[in-house]
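Input: a single structure, listed below in C-alpha cells.
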Amino acid sequence: MTATTGQAAPPSRYLLHDKPLWRRLLLRPEAALILALVLVVVLSIVLVPHYLRPNANYTFSTLLLNAIPILFLLLPLMLIIVTGDIDLSVGSVLGLSSATVGLAVQAGIPLLVAAVMGVLVGAMAGVINGVLVTVVGLPSLAVTIGTLALFRGIAVGLLGTTAITDFPPEITKFFSGSIPGTPIPWQLLFWIVLAIVFGVLLHLTPFGRGIFAIGRSIETATFSGVNVNRTRLILFVLSGLVAGLAGVFFTLQYSNAIGSNGNGFELRAVTAIVLGGVSIWGGRGTLIGAIVGGLFIAALNKSLQVFGVGDDAIYVITGVALIVSVVIASIAGFISRRRKVQASVA
Amino acid sequence: MTAVIKTTPARRSFGEWLFRARELSLVLLILIVIAVTTIAQPTFLFNDGGLRDLLRTPAMLIVVAIGEAIVILTRNIDLSVGSILGLTTYFVGNLMHTAPGIPVLVDVLLGVVFAAVLGLVNGLLVAFLNVPSLVITLGTLYAYRGIAVLWIGGNFVRPEWVPDGFQGFGKDGVLGIPWLLIVAAAVMVFFGWFLAGRRTGRELYAIGSNPDAAVLYGLRTRRLTFITFIISGALAGVGGIIYLSIFATGDSKVGTGYEFQAIAAAVIGGVAIVGGSGRIWGVALGAFFLATLGSALPVLNVPSLWQQAIVGLLIVAAITLDRVFFLVRQRRARKAVMV
C-alpha cells in the first residue's frame, strides 16, 4: 500500500495503487517486450555463430539501419491506430517518395530540392488519405487499401523496371554510416528528435489526450470538445509527411530508387505497433511500446539473417508474429474483462 | 413532426441513375472498352482466339472476387486471397506431377479443400478470437506468401506436369463459350441465388448492415463469419486452379497483389465497403470489366506497369462515388422530411 494511509476518503480511485511502482512498471506489456528484446539479443550473442562478426558495432549498426525505415513509419501510424483508424499506405508512400527523389535527381535537380519534393509528395499523399477519410467520410481501411495500390502503382509506373542509383556518394555514405566508434547510425539522431516530438505530442499535450479520447469513443470525444476530424486529418497528413521523409532517407541509405522500395513495410510497422501493446481497436497504448516492438522485430530479423534464414522466412515470421500478438491481446482482454466481471460480482 | 411527409418521388439526376443502375453502366463500360480497343487494334477481338481470351480471362477474377465480396458483405475483409491463390496453383500442379495416378478431378477437389483449409485458419482467428479481419488476413497474406516462397523456392510448375486434358479444359469450350467462363457463371449463379434467396444468405447481409443488431437478433454471427472465410479461401483456390488451366505454369509469385484486384472488382461491382449491400452479379460484371481493362491496356500501348495504379484509382473512385451519392440521397431525404 502506498501513500494514501491517513486520509479518510481517498480522493480518487485512480490514485490508489495496491502495488509499488516497480511492480506496476514490470506488469506493463512494454516491460515484457523489452525483456523479450534483451533476450533475443543475448541469446543471439550466445547461440548464433558469427553474430558479433566482424565486430559488435557492425552488428548493431546494421540492425538499427534495417530498423530505421520502420521506426520512422510507426511514429505517426501508432497515433493513427490509437484513434481507431489505420493507414495501410505508408509503405507505398515511402516508395512513391523514393521514386520522386530518384527521378528528380536523375533530371538534374539538386539533391536538397529533390528531398523536399519527396517529403512534399508524401505529405500530399497524406492529404489525399486524410481528406477521403474525414471530409468524404470513408473508412480509413478502405481508403488506404485503395491508395496502397494507387501510390505503389504510380511509383512502379513512373520508374518501370529501372533503378536510379547515382546519388552523391558522400551523402549516401552519411545516411548508411554510423557515428564513428559507436553502433549508432547518423540517421537515428534525426529519428530520436522526431520520436521525442511524437511522444510529447501523444502523451503530454491536449491534442494527444484528444487522440486517446477519439480511440475510446468518437461521440464522447466530440462532446468533450475534441475536434475529431481535424485531429484525424492532421494525423494522416503527418503520416504521409513522415513516410515521405522516410522515403528520402531510405533512398539515400541504400543509394537506390526502385518501384518496390518499402514494399510490405505497412505489415512490419503494424506488427511492431500491435506487438508493442497498442490496441488495434484504438484508445490504448504507448509510443515507447510501439518503438520497442519495432526494435524487437528488427532484432529478430537480424538474428535470423545471421543464422542464415532467408528474407522469405522473415516474412512468414513477421506475419505470424502479427497474428500471435493480436491473438494474445485478444485473449488477455478477454481474461481481464472476465476478472472485472467477477470482481464486480464479488 | 406534424407536417405531412411529402411523398413526391425523389428526382434523380441522370448521373445518379446511371450509377445506381450499376450493372447496366458496367455492361456499357465493358462494351466501350472492347469497342475502343478493337478499333485501335482489330486483332484484339478478331484474331485467332481473341474472343476466346476475352471470355475466359475474366473467369479467374470473377470467382475470386465473388469470394472476396461475400466476406466484404459481412463487414470484414480478406487480404490473403492472392497468397491462397498462388499456393493452390502450385499445390495442384505439384500434385499432378508427383502423383500422376490420381484423376485430375480429385486433384482439383484436393486443391479446393487445401484452399478452404487456408481460409479456415483466417476464419477461426477472425470469428472466434474477435480480432479484426484486416490484421489477421494481413498477417496470413505474408505468412502464406512466405510459405509459398519457402516451399517452392526457385521451382515452378512445368507445362509437362499438367495433363493435356486439363489444359484443354482451360482452352476449349462449348458453342464458343469457354468452359472456364461456364465455371465462373455457375459460381456466380449459385452464390447469387444463395445470397439473394436463401435465409443464410440474407443473414450475411444482416451481419454486414449492423453486426450488433445481428447478434441481438439471434444470428450466429461467429459461425457465419467463419463460413464466409472458408468460402473466400475455397474460391481463391478455384481461382488458382483456373490460373493453372490457362497458363499450365506457376512459380512462387502467382497471385501477388491479386487481393487488390478482387477488392476492386467487388467495390466497382457495387458491394459497399462497409458491408451490408451489393449483388453478386454486379461483382461478376465488375470483375469482367477489370479483367477486360487489364487485357486491353497493353493493346492500347499503356504499359502494364500502370495497371496497379489504375486498380488503386478505381477502388478509391468507386468507394468515393458510392459515398457521395449516399450523402446526396441522405440530404434529399432529410429535406423531404423537413418540408
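The values are calculated or read from the model by the stated rules, or taken from the named source; none is laboratory data. Owing to the predicted nature of the structure, the values given are computational and were not obtained by experimental measurement. Don't worry about glycine lacking a Cβ; one is built from the backbone with ideal geometry, like all the others, and counts go over all protein chains shown.
Odds and ends about this structure:
- Residue in the range A:241-259 that is crowded, with 19+ Cβ neighbours inside 10 Å and within 14 Å of another protein chain (Cβ to nearest Cβ) present: yes
- Cβ-Cβ under 9 Å pairs, at least 6 apart or on other chains, the range A:314-328 side more than 7 Å from chain B (Cβ to nearest Cβ) and in contact (Cβ under 8 Å) with a residue 40 or more places away in the chain, far side assigned to a helix (DSSP H, G or I) and of a type in the set (Phe, Trp, Tyr): A:Ala321/A:Phe296
- Sole exception among (1) in contact with a Leu (Cβ under 7 Å, 6 or more places away or on another chain); (2) buried (at least 19 other Cβ atoms within 10 Å of the Cβ); (3) not aliphatic (A, V, I, L, M) for B:Tyr205, by number: (2)
- Which numbered condition B:Arg279 fails, given (1) surrounded by fewer than 19 Cβ atoms within 10 Å (Cβ to Cβ); (2) within 30 Å of B:Pro42 (Cα to Cα); (3) within 14 Å of the chain's Cα centre (by Cα): (2)
- So A:Val326, is it buried (at least 23 other Cβ atoms within 10 Å of the Cβ), touching a Lys or Arg at 6+ places or on another chain (Cβ under 9 Å) and either farther than 15 Å from A:Leu71 by Cα or at pLDDT 85 or above (or both): no
- Selection within the range B:249-270: residues that are touching a Lys or Arg at 6+ places or on another chain (Cβ under 8 Å) and not hydroxyl-bearing (Ser, Thr, Tyr). The member of this set that is nearest to B:Ala184 (Cα to Cα) is B:Gly269.
- Count of residues meeting criterion [touching a Pro at 6+ places or on another chain (Cβ under 7 Å) and closer than 17 Å to B:Ile273 by Cβ] in the range B:304-331: 0
- All positions within the range A:284-313 that are within 14 Å of chain B (Cβ to nearest Cβ) and surrounded by fewer than 17 Cβ atoms within 10 Å (Cβ to Cβ): A:Gly308, A:Val309, A:Gly310, A:Asp311
Yes/no per residue for (1) among the small types (Gly, Ala, Ser); (2) within 23 Å of B:Ile102 (Cα to Cα):
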{"position": "B:Gly170", "(1), (2)": "yes, yes"}
{"position": "B:Val174", "(1), (2)": "no, no"}
{"position": "B:Gly197", "(1), (2)": "yes, no"}
{"position": "B:Gly201", "(1), (2)": "yes, no"}
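- Inclusion of B:Leu118 among residues that are closer than 27 Å to A:Ile328 by Cβ, crowded, with 17+ Cβ neighbours inside 10 Å and more than 12 Å from every other protein chain (Cβ to nearest Cβ) is warranted.
- Search result, residues across the range B:282-304 that are surrounded by fewer than 19 Cβ atoms within 10 Å (Cβ to Cβ), assigned to a helix (DSSP H, G or I) and not hydroxyl-bearing (Ser, Thr, Tyr): B:Gly294, B:Leu297, B:Pro298, B:Val299
- A count restricted to the range B:226-250 and to residues that are of a type in the set (Ser, Thr, Tyr) and out of contact with any strand residue (DSSP E or B) (no Cβ under 7 Å at 6 or more places or on another chain) stands at 3.
- Within the set A:Leu26, A:Leu43, A:Leu37, the sole residue that is part of a helix (DSSP H, G or I), over 21 Å from A:Ser336 (Cβ atoms) and within 24 Å of the chain's Cα centre (by Cα) turns out to be A:Leu37.
- Checking A:Val127 against (1) within 14 Å of chain B (Cβ to nearest Cβ); (2) crowded, with 24+ Cβ neighbours inside 10 Å, the condition it does not meet: (2)
- Of all the numbered requirements in (1) within 19 Å of A:Val316 (Cα to Cα); (2) modelled with pLDDT of 90 or more; (3) not basic (Lys, Arg), B:Leu73 misses one, and that requirement is (1).
- Among the residues listed as B:Val135, B:Val131, B:Val108, the single one being within 10 Å of chain A (Cβ to nearest Cβ), within 21 Å of the chain's Cα centre (by Cα) and crowded, with 19+ Cβ neighbours inside 10 Å: B:Val135
- Within this structure, B:Ala264 passes the test of being within 14 Å of chain A (Cβ to nearest Cβ), within 13 Å of the chain's Cα centre (by Cα) and assigned to a helix (DSSP H, G or I).
- If you go through the range B:43-84 and keep only what is assigned to a helix (DSSP H, G or I) and small (Gly, Ala, Ser), you end up with B:Gly50, B:Ala59, B:Ala65, B:Gly67, B:Ala69, B:Gly82, B:Ser83.
- Looking only at residues of the range B:285-315 that are touching a residue at least 40 places away in the same chain (Cβ under 8 Å) and of a type in the set (Phe, Trp, Tyr), we find that the one that is farthest from the other protein chains (Cβ to nearest Cβ) is B:Phe288.
- Qualifying residue in the range A:268-281 (condition: hydroxyl-bearing (Ser, Thr, Tyr), more than 14 Å from every other protein chain (Cβ to nearest Cβ) and on the phi < 0 side of the Ramachandran plot): no
- Residues of the range B:85-107 that are assigned to a helix (DSSP H, G or I) and β-branched (Val, Ile, Thr): B:Thr88, B:Thr89, B:Val92, B:Thr98, B:Val104, B:Val106.
- Put simply, of A:Pro169, A:Pro206, A:Pro183 the only residue that is farther than 15 Å from A:Ile291 by Cα and in contact with a helix residue (DSSP H, G or I) (Cβ under 6 Å, 6 or more places away or on another chain) is A:Pro183.
- Flag if A:Arg232 is under 24 Å from A:Pro69 (Cα atoms), of a type in the set (D, E, K, R) and either modelled with pLDDT of 90 or more or surrounded by 14 or more Cβ atoms within 10 Å (Cβ to Cβ) (or both): yes
- Residue list for the range A:133-142, restricted to those being more than 7 Å from chain B (Cβ to nearest Cβ) and under 16 Å from A:Ile80 (Cβ atoms): A:Val133, A:Thr134, A:Ser140
- Test: residue in the range B:41-56 that is within 12 Å of the chain's Cα centre (by Cα) and crowded, with 24+ Cβ neighbours inside 10 Å: no
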